[in-house]
Amino acid sequence: MSLHVRRRVRTAAIGAAAVALLAAGCGSEGGGGGSSTPNDTLVVYTGQATDYTANFNPFSPTLIEGPGTIYEPLFYYNASSQGDPEPKLGTEYEWTKDDGTELTITLREGVTWSDGKPFTAEDVKFTFDLVKSEAVPNTIGFTGETEVVDDTTVKVTFEEPSYMDGPQLLGKTYIVPKHIWSEIADPAADPIEQPVGTGPFTLTDFKPQAFVLTANAEYWDGEPAVKNIRYRSLSGNQAAASSLEAGEIDVQTGPVPNLENVEAAYDGYKSVIVPMNQTVLDACANADLGCEGPQTDPAVRQAIYYAMDREQLNSLAFQNTSSDISPGFALPERDAAYLSADLENRTAPANADAARAEEILTDAGWERGDDGIFAKDGQKLSITATVVSGWTDYITALDTMSEQLKQVGIELIPSQVSWNEMSDSRATGNYQLLIDSLYPGPAADPYYVYSYFYGSGNTAEVGEIGSTNYSRYVNEDVDTAIDELSQLDPADSEARQPYYDEIQAQIEQDMPYIPILTAGTITVFNAEKFSGWPTNVDLYAFPAVWSRPDQAEVFANLKPNGE
């Protein structure tokens, strides 16, 4: 373990190019790429397939926007690549004790909230204390003591080494104004319909079909060149593709027809594909916490895992843009060094193994019924799988999977619901299976996937909000390994690997999230109207428009063309 871990990060300069662009004037009608919207207005589609419900609470699992755009973290970590974090409300941080128990953070001067009040060290302490109090979801089990040292310095003291809490506190905790939030009776439940933040954009208009964020003229890093961001709801992926063809939206993350030939099919548009999120079937897995249905049996989850033909799923549902996934949930490429040698399968089988699936069910006491579907103790092996209406890739995946699973005696019934319904069901555990994706943490390390989705501190009984552990998974050995990892210096890979081995072995057997594939996240964007998009050569941020706070990095980097 290093004796004095110190990471200095460079101070971001105000974007001179953006300022020059602003001086040239903005707001003319008719953008590039055949766009029908103003040059300086970015129209985004995040996959919202029904009306929006106003919720800009950065701590809410059902929020629609805010982190990165309205509210800022202290630093931005790019999970797409290794490197130092970018300064935001913080300018520098340092582990000031060599055992990882004291973190000192220097804050940016001259920042104001969007209501004109000054941003202070008290706001940072208030936010950290709010998380610690668990008045809002405390996804990392933060227990540190935060002290205001002076106007621009805070110090966080931990009882135990807490290296892995650093990126979460610094990069995924969105600072809120004390002068407003201290008056909120229930900060976890309040939808914060009139958000006040320090970020580059502010909410200026909201309607159920669309809302608008406008560039913050007083932003500490200069007013963004993109003057307005209009978020639209559409009926689904097909409607999004039609809107791209018509130049009615400028960016979307999701499947599109003619992906192999985007530039010809969508005039002025380009695409970027990044493997990052892991597509899974969330299983409400824990009967002790109130989950009901055949999927609470680990043997059923294992059988589904072996019954999938992933090669066919990739071809029919994901345009062959997805890639291997590990049942240990370390990314096969980015996290190759962490993949356990003890895994039965380092990556999930590409093709179905019907004999293995049926053997697992038979050994667990399931028997084939007259209709060919397994049953046990009078319960038919019939499971409902929830999917958002209009998400055609996921719908196709479940339809294909239904046919695959039927071959081994499992009945899978897809059920299309609105995004709001899916989000609520996932948070409260009122579902059986749900097609979803596990997202990365603030840094390029699988620790955060384990902490978020497998740590028992992030779950709750069915009916209550489980902040990120949607499967209701509880395993003491996994919890212990997560706790041990949180205390180790991330540079000490030799000390960390046994805990990764333990976690991966356990979750491969228990399988509360059934791995499908690693998604090739497709983002299609209007390159003729705006420049500055991330590319596979310059992946300065994960490009997905629904990934927060990455989306804010992209928005801040864009510049309108052709003015």
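What list of whole percents do you get for P(r) of region 74-198, with Cα-Cα distances grouped in 10 Å bins up to the one holding the largest distance?
Bins of 10 Å from zero give 13, 44, 35, 8, 0 percent of pairs.
Per 0.36 nm of contour for each residue apart, how much would the distance between I184 and A364 grow if the chain were fully extended, relative to their Cα-Cα spacing? Don't jump to the answer; show the numbers that get you there.
On the way: separation 180, 0.36 × 180 = 64.80 nm, distance 5.04 nm.
Length gained between I184 and A364: 59.8 nm.
Which of rounded, prolate, oblate describes region 178-261, given a ≥ b ≥ c as roots of the alpha-carbon gyration tensor eigenvalues and a/c under 1.5 marking rounded, otherwise prolate only if a/b is larger than b/c? Before the final figure, lay out each step's value.
Details: a/c = 2.94, a/b = 1.77, b/c = 1.66.
Prolate.
Leaving out same-chain residues fewer than 8 places away, which lysines sit with a Cα under 27 Å from that of K155?
Here the lysines satisfying the reach criterion relative to K155 are K88, K97, K117, K125, K132, K172, K178.
So what's the gap between the Cα centers of region 52-120 and region 146-164, to the nearest angstrom?
After rounding, the separation between the Cα centres reads 15 Å.
Grab the Cα-Cα distance for D399 and T53, subtract it from 0.36 nm times how many residues apart they are, and report the gain in nm with one decimal.
121.7 nm
Please state the Cα pair-distance histogram of region 43-90 with 5 angstrom bins from zero: what percent is in each bin?
Spelled out bin by bin, region 43-90 gives 5, 17, 18, 21, 18, 13, 6, 2 percent.
Pairs of Cα atoms under 8 Å, at least six residues apart: use those to get the relative contact order of the chain, whole percent. Provide the component values of the computation, followed by the final result.
Details: 1311 pairs, mean separation 123.1, N = 563.
With pairs under 8 Å counted, the relative contact order is 22 percent.
With θ taken as phi - 60° and the coefficients 6.51, -1.76 and 1.60, list the Karplus ³J(HN,Hα) couplings across region 380-388 in order, rounded to whole Hz; mark glycine and proline as x.
Couplings: 6, 7, 10, 10, 8, 10, 8, 8, 6 Hz.
Jot down the per residue volume, in cubic angstrom and as a whole number, of the convex hull over the alpha-carbon atoms of region 507-563. Intermediate results must be reported in sequence, preceding the final value.
On the way: hull volume 6.2 nm³, N = 57.
In region 507-563, the Cα hull volume divided by residue count equals 109 Å³.
Identify, among A217, T146, P534, the residue whose Cα sits farthest towards the positive end of the charge dipole of the chain, taking +1 on the Cβ of Lys and Arg and -1 on the Cβ of Asp and Glu, with the dipole about the Cα centre.
Value computed over the given set: A217.
Once label points are set 7 Å from the Cα along Cα→Cβ at both A336 and D267, what is their separation, rounded to one decimal in nm?
4.4
Calculate the length of the line joining the C-alpha centroid of region 487-539 to that of region 220-263, in whole Å.
Using only Cα atoms, the two centres lie 24 Å from each other.
If you average the C-alpha positions of region 357-400 and of region 191-205 separately, how far apart do those two centres end up, in angstrom?
With region 357-400 and region 191-205 each reduced to a Cα centre, they are spaced 44 Å.
How big is region 424-563 by Rg and Dmax over its Cα atoms, in Å?
When restricted to Cα atoms, region 424-563 yields Rg and Dmax of 18.5, 59 Å.
Roughly how many debye, to the nearest 20, is the charge dipole of the chain about its Cα centre, given +1 on each Lys and Arg Cβ, -1 on each Asp and Glu Cβ, and no other charges?
Working: 33 positive and 85 negative charges, 301 e Å.
For this selection, approximately 1440 debye.
S382 label point, 7 Å along Cα→Cβ, cut-off 20 Å on backbone N: hits in region 281-297?
Only 284, 292-297 fall inside the zone, counting backbone N under 20 Å.
Go through 303-311, 183-191 and give me the packing order, highest mean Cβ count within 10 Å leading. Intermediate values should be presented prior to the final figure.
Working: 303-311: 23.4, 183-191: 12.7.
Highest mean packing first, the order is 303-311, 183-191.
List the relative contact order of region 134-287 as a percent without decimals, with contacts defined as Cα pairs under 8 Å and 6+ residues apart.
After rounding, I find 10 percent.
In the P(r) worked out for region 131-199, what percent of Cα pairs fall beyond 14 Å? Before the final figure, lay out the partial values.
On the way: 1608 of 2346 pairs.
Tail of the P(r) past 14 Å holds 69 percent of the pairs.
Accessible area per residue of region 349-398 at 1.4 Å probe, in Å²?
On the way: 2400 Å² over 50 residues.
In whole numbers, region 349-398 has 48 Å² accessible per residue.
With r as the distance between the Cβ atoms of T153 and E484 and R0 = 30 Å, compute the FRET efficiency 1/(1 + (r/R0)^6) and round to 0.05.
Values: r = 30 Å, r/R0 = 1.01.
So, using R0 = 30 Å, E works out to roughly 0.50.
Which length gain, in nm to one decimal place, applies between D84 and E134 when the Cα-Cα distance is subtracted from 0.36 nm times their residue separation? Intermediate values should be presented prior to the final figure.
Working: separation 50, 0.36 × 50 = 18.00 nm, distance 2.94 nm.
Value of the extension gain: 15.1 nm.
Taking the solvent-accessible surface of protein heavy atoms with a 1.4 Å probe, what is the per residue accessible area of region 448-563 in Å²? Please report the intermediate quantities before stating the final value.
Numbers: 3790 Å² over 116 residues.
Value for region 448-563: 33 Å² per residue.
Could you please state how large a percent of the accessible area of the chain is carbon and sulfur, counting protein chains only and using a 1.4 Å probe?
Within the chain, the accessible surface is 45 percent carbon and sulfur.
Taking region 449-516 as the region of interest, what is the percent of Cα-Cα pairs per 5 angstrom bin, listed from the shortest bin to the one with the maximum distance?
3, 18, 27, 23, 15, 10, 3, 1, 0
What do the square roots of 5 times the Cα gyration tensor eigenvalues come to for the chain, in whole Å, largest first, as semi-axes of the equivalent ellipsoid? It would help to have the intermediate numbers written out before the result.
Details: eigenvalues 283, 181, 87 Å².
Values for the chain, descending: 38, 30, 21 Å.
Which of the listed residues, Q194, P560, Y71, is farthest toward the dipole's positive end in the chain, when Lys, Arg count +1 and Asp, Glu count -1 at the beta-carbon?
Working it through, the farthest residue towards the positive pole turns out to be P560.
The values are calculated or read from the model by the stated rules, or taken from the named source; none is laboratory data. Just so it is clear, the structure is predicted and the values come from calculations on it, not from any experiment. Please note: Cβ atoms are built from the backbone with ideal geometry, for glycine as well, and neighbour counts cover all protein chains shown. Only protein heavy atoms, including side chains, enter the accessible area calculation; ligands, DNA and RNA are left aside. Shrake-Rupley method; radii C 1.70, N 1.55, O 1.52, S 1.80 Å.
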